[in-house]
1. Ignoring everything but the protein chains, give the 1.4 Å probe accessible area of W48 in square angstrom, nearest 10.
2. As I understand it, the value is the acute angle between the Cα axis of helix 28-43 and the longest principal axis of the Cα atoms of the chain; what does it come to in degrees, rounded to 10?
3. Restricting to lysines 8 or more places apart or on different chains, can you count the pairs in the chain with Cα atoms under 28 Å from each other?
4. What is the pair-distance distribution P(r) of the chain, computed from all Cα-Cα distances in 10 Å bins starting at 0, with each bin given as a whole percent?
5. On a 1.4 Å probe surface of the protein chains, which of L38, L22 comes out largest in accessible area, and what is the full order?
6. Measure off, as a whole percent, the carbon and sulfur share of the 1.4 Å-probe accessible area of the chain, all protein chains present.
7. Quick check for you: with a 1.4 Å probe and neighbouring chains kept, what is the accessible area per residue of region 1-59, in Å²?
8. At q = 0.15, 0.27 Å⁻¹, what is the log10 ratio I(q)/I(0) for region 8-57, with the Debye formula run over Cα points and no solvent?
Amino acid sequence: MNIEFDSYKQKLNDIRPALDGLADSLNLEGLKNELERLHAMQEAPGFWDDPEKSQKIVVKTKQIQAKVERYENMVASWEDLMTICEMAAE
């Protein structure tokens with residue numbers, strides 16, 4: 001049984017480079033910086049004065065936030081599975 005969890009752990013370790021590569025291809029840090037910039041724009045006085053412009057920025061913010069959250073959820077799932085394998089191996 002311990003061998004099974006070692007096998008699962010190895011498979012998870014093999015997946016990690018793909019997750020890291022996805023972060024690079026998404027330009028995750030750039031997306032997070034863009035989110036900060038967009039949130040700052042939304043907090044600025046007069047932002048809501050131009051409904052068309054503000055709506056575009058809100059939509060863009062939601063799209064970027066969804067990408068970041070999907071990636072972070074994948075990493076959290078990966079970490080949870082690694083923890084389960086490690087605990088089971090003990």
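The values are calculated or read from the model by the stated rules, or taken from the named source; none is laboratory data. Treat the numbers as computed from the prediction; the structure is a model and nothing was measured. Every residue, glycine among them, receives a Cβ derived from its backbone with ideal geometry; neighbour counts consider all protein chains shown. Ligands, DNA and RNA are excluded from the accessible area calculation, which covers all protein heavy atoms including side chains. Shrake-Rupley method; radii C 1.70, N 1.55, O 1.52, S 1.80 Å.
1. 150 Å²
2. 30 degrees
3. The result is 10.
4. 15, 32, 22, 16, 10, 4, 0
5. L22, L38
6. Heavy-atom surface of the chain belonging to carbon and sulfur, 1.4 Å probe: 55 percent.
7. For region 1-59, the per-residue accessible area is 74 Å².
8. -0.58, -0.94
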